[in-house]
1. Work through the residues other than residue A:175 whose Cβ is under 10 Å from its Cβ and net out their charges, Lys, Arg +1 and Asp, Glu -1.
2. Per-residue ellipticity at 222 nm for chain B, helices alone: DSSP H runs ≥ 4 residues times -39500 (n - 2.57), over residue total, nearest 500 deg cm²/dmol?
3. Could you run the Karplus curve 6.51 cos²θ - 1.76 cosθ + 1.60 with θ = phi - 60° over the stretch B:250-267 and give me ³J(HN,Hα) per residue in whole Hz, x for Gly and Pro?
4. What FRET efficiency comes out for residue A:146 versus residue B:155 if R0 is 45 angstrom and r is the Cβ-Cβ distance? Round to the nearest 0.05.
5. Which whole-percent values make up P(r) of the stretch A:125-281 when all C-alpha to C-alpha distances are grouped in 5 Å steps starting at zero?
6. So, R0 is 45 Å and r is the distance between the beta-carbons of residue B:68 and residue B:330; what FRET efficiency does that work out to, to 0.05?
7. For the protein assembly as shown, give me the percentage of DSSP beta bridges that are antiparallel, rounded to the nearest 5 percent.
8. Can you give me the angle between helix A:199-216 and the longest principal axis of chain A, using Cα atoms only, in degrees from 0 to 90, rounded to the nearest 10?
Amino acid sequence: MQSDTATLPAAASRTPLLAVEDLALRFGGSASNVVDGVSFDVAAGETLCIVGESGCGKSVTSLALMGLLPMPPAEIVRGRALFEGRDLLALSRREIGKLRGDRMAMIFQEPMTSLNPVYTVGDQIAEIVRRHRPVGRTEARARALEMLERVKVPAAKRRLDDYPHQMSGGMRQRVMIAMALANDPRLLIADEPTTALDVTIQAQILDLMRELQQETGTALILITHDLGVVAEIADKVAVMYAGRIVETGPVGAIFDDPQHPYTLGLISSVPSLGERGGRLATIPGMVPTVDRMPAGCRFAPRCPFADAACRTEVPPLAEVAAGHAAACRYAPLERHFGDAA
Amino acid sequence: MSSDTRDVILEARNLAKRFPVGMKLFGERQSVRAVDGVSLKVHRGETLAVVGESGCGKSTLARLLLRLIDPSEGEVFYGGRNIAALPRAEMRRLRKDLQFVFQDPFSSLNPRMSVGAIIEEPMRVHGLGNAAWRREEVARLLTRVGLRAEFADRYPHEFSGGQRQRIGIARALASGPKVLIGDEPVSALDVSIQAQVINLLEDLKQEYDLTLVLIAHDLAVIRHMSDRVAVMYLGEIVEEGATAALYAAPLHPYTRALMQAIPIPSPRARKAAVKLTGDVPSPLAPPSGCRFHTRCPLADLRCAVDRPALQDVEPGRRVACHHWQRVAKEGTAALAEPEASQAARRRLSLYRDRSERQQNSVPQSES
Ligand SMILES: Nc1ncnc2c1ncn2[C@@H]1O[C@H](COP(=O)(O)OP(=O)(O)O)[C@@H](O)[C@H]1O
Ligand SMILES: Nc1ncnc2c1ncn2[C@@H]1O[C@H](COP(=O)(O)OP(=O)(O)O)[C@@H](O)[C@H]1O
Ligand code: SF4
Ligand code: SF4
Ligand SMILES: [Mg+2]
Ligand SMILES: [Mg+2]
């Protein structure tokens with residue numbers, strides 16, 4: 001999957017806007033890498049979903065790309081992240097600060113942590129515009145209003161002077177989106193943007209993000225632990241487990257031809273509205289922490305197919321079909337385990 | 001009716017809770033009508049789910065049902081007695097029977113108490129056994145909820161969200177309750193961990209002969225483990241029915257909207273369907289007429305002025321909507337989940353078979 005030279009697969013696929021190659025990160029003093037050799041890319045207008053349970057390294061990955069991961073304690077072990085021809089991981093704090101909020105932006109799960117409680121939402125949007133654009137107050141405020149209207153905040157003109165705490169969770173997330181998109185970024189990373197919201201509001205926010213993306217052609221990386229959300233919005237999917245990508249492919253392939261046992265576990269544990277069909281299938285146990293990373297396949301302690309070989313050798317991410325790869329030594333499973341045996 | 005009342009274990013009659021807030025407005029103190037005239041029966045041995053968006057009054061109702069707070073109006077009957085009017089001391093004794101599992105296991109567990117002390121506390125309060133017996137009981141409960149007995153000496157911060165929720169459940173079981181109310185016990189957990197905790201609750205219910213009331217904001221989560229569902233909107237129950245019937249044919253536009261909002265794990269189901277717009281209005285000044293009319297796709301002039309009563313429409317089925325017959329007729333074809341591909345079905349069943357076999361051979365533990 002990695003290429004040392006700049007031999008991009010010509011013409012066939014869209015040129016990626018962001019290409020992360022073999023990214024490995026660790027926290028000082030810990031025994032293993034918290035992110036361990038992760039590669040993915042995303043093109044303009046495309047939505048990549050990174051999906052995995054809490055603690056799999058999704059946030060650490062996105063914070064590193066945005067230059068927001070404190071180093072130390074974190075350090076980059078290897079890898080690069082090419083964005084518009086530059087390696088994000090090699091930029092100075094100042095350089096990446098100039099990109100952030102401008103060419104690329106991020107949205108977090110809990111808007112209250114990234115909105116300042118003592119400024120009105122209008123001022124906060126205007127301020128991000130003025131930080132990156134040579135515009136005056138009036139123009140910045142007009143842009144703030146335009147953005148609030150675009151994210152469909154009702155009575156936007158009035159809400160411009162609201163403080164964050166005067167808004168509902170869903171409205172605050174809309175404000176976050178307005179702020180993130182204020183300078184027309186080419187890349188947007190949304191880290192669990194709907195996890196803290198009710199399903200009804202989640203549906204509204206996902207619709208909005210889809211619509212805005214179509215309008216702007218922004219590349220979107222959406223991080224979630226919920227495969228239901230992935231099915232709603234993804235073009236491509238990267239399933240992440242314990243710091244590694246264990247399966248990746250177009251959204252259709254992930255749901256119609258799921259290969260990795262972890263992907264199967266995630267699909268099985270989504271509760272559905274269908275008939276009451278006995279117990280929910282689960283993934284037993286939990287994600288290991290960095291100081292207790294198993295050797296070999298990191299999923300082995302929770303995998304119903306694991307054997308001794310799995311516990312010693314790291315399974316490579318290998319293609320099972322064009323653009324669809326899985327990191328399981330026994331993929332496709334039916335070849336090794338027979339049907340419903 | 002008489003045969004029905006026999007197995008009612010907990011019953012709310014016209015319950016209301018108003019929280020006074022803020023300034024006096026034109027001489028009158030404003031109040032939040034968090035729960036507004038709820039009548040509800042919980043049958044012995046059943047799992048009743050209460051579902052609605054945030055702010056609809058679910059937590060307030062749950063607290064009223066166990067009298068963790070006092071109602072502004074109405075009664076709560078447990079074992080034939082109105083517990084809303086019981087003296088404090090007597091109520092404290094009844095606590096043994098009525099236990100609560102909180103939404104946020106973080107905030108509900110005292111960070112300075114060891115896990116063992118947290119679980120032991122209800123037994124001490126109710127004077128159950130001696131210290132040695134209680135210690136054994138703590139170990140047994142920990143193992144029963146899928147944790148290791150040694151965890152008794154550790155502190156809550158050392159545990160993940162799912163583990164903390166298991167600790168909260170062990171504590172709730174410690175006094176040997178008859179009714180367990182879970183206020184969104186899995187809402188804050190990852191989907192995969194939700195499934196673990198839901199399965200655990202289902203097992204415990206059988207084993208301890210419990211009656212469960214489960215609060216949730218998501219209809220999918222409780223689909224698999226509830227017998228009946230009550231849907232709440234702005235302090236009122238708007239629909240109630242047996243789980244299978246309600247999911248097969250919701251009669252209230254709000255119930256249908258809640259179902260439509262759930263993301264279906266299949267990209268082929270990607271919906272352009274009608275979505276619920278806006279937020280839940282403020283319970284400080286609830287809309288006139290039908291409280292749902294500001295967001296309802298079926299609302300007409302009558303809905304804005306005329307408040308629909310919660311009426312029996314079939315045995316065990318109640319709905320509060322002027323146009324429920326229309327909802328029934330429209331059906332929910334849009335909700336049908338597309339079938340998974342053959343390859344997906346094959347591998348998923350392979351996965352399930354292997355996991356089940358493994359979980360049966362190894363005693364469920366650790367997580
Ligand atoms: N500053 C930090 N120092 C040490 N460990 C950390 C730090 N931040 C995150 N971690 C650990 O890194 C792992 C991955 O975390 P995270 O990226 O937040 O996961 P996710 O977003 O997938 O839930 C977790 O085990 C977490 O505890
Ligand atoms: N102690 C309180 N004081 C004032 N308002 C409250 C209090 N508790 C709850 N409320 C309000 O009552 C309404 C219902 O809240 P709650 O029962 O927590 O709903 P839910 O659990 O369905 O989210 C909300 O508008 C909430 O803000
Ligand atoms: S390599 Fe082995 S342990 Fe890892 S997912 Fe495949 S079967 Fe399971
Ligand atoms: S009464 Fe009218 S507004 Fe209320 S739910 Fe029924 S159709 Fe909608
Ligand atoms: Mg995260
Ligand atoms: Mg609540």
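1. It works out to a net charge of +2.
2. Helix-only estimate at 222 nm: -10000 deg cm²/dmol.
3. x, 10, 9, x, 5, 4, 4, 5, 4, 5, 5, 7, 6, x, 8, x, 7, x
4. Between residue A:146 and residue B:155 the formula returns 0.35.
5. 2, 8, 16, 17, 17, 14, 10, 7, 6, 3, 1, 0, 0
6. 0.65
7. Values: 59 of 96 bridges.
If I count the DSSP bridges inside the protein assembly as shown, around 60 percent turn out antiparallel.
8. Roughly 80 degrees, rounded to the nearest 10.
None of the figures in this text is laboratory data; all of them are computed from the coordinates on show. All values derive from a computational prediction rather than experimental measurement. All Cβ positions, glycine included, derive from the backbone under ideal geometry; neighbour counts span all protein chains shown.
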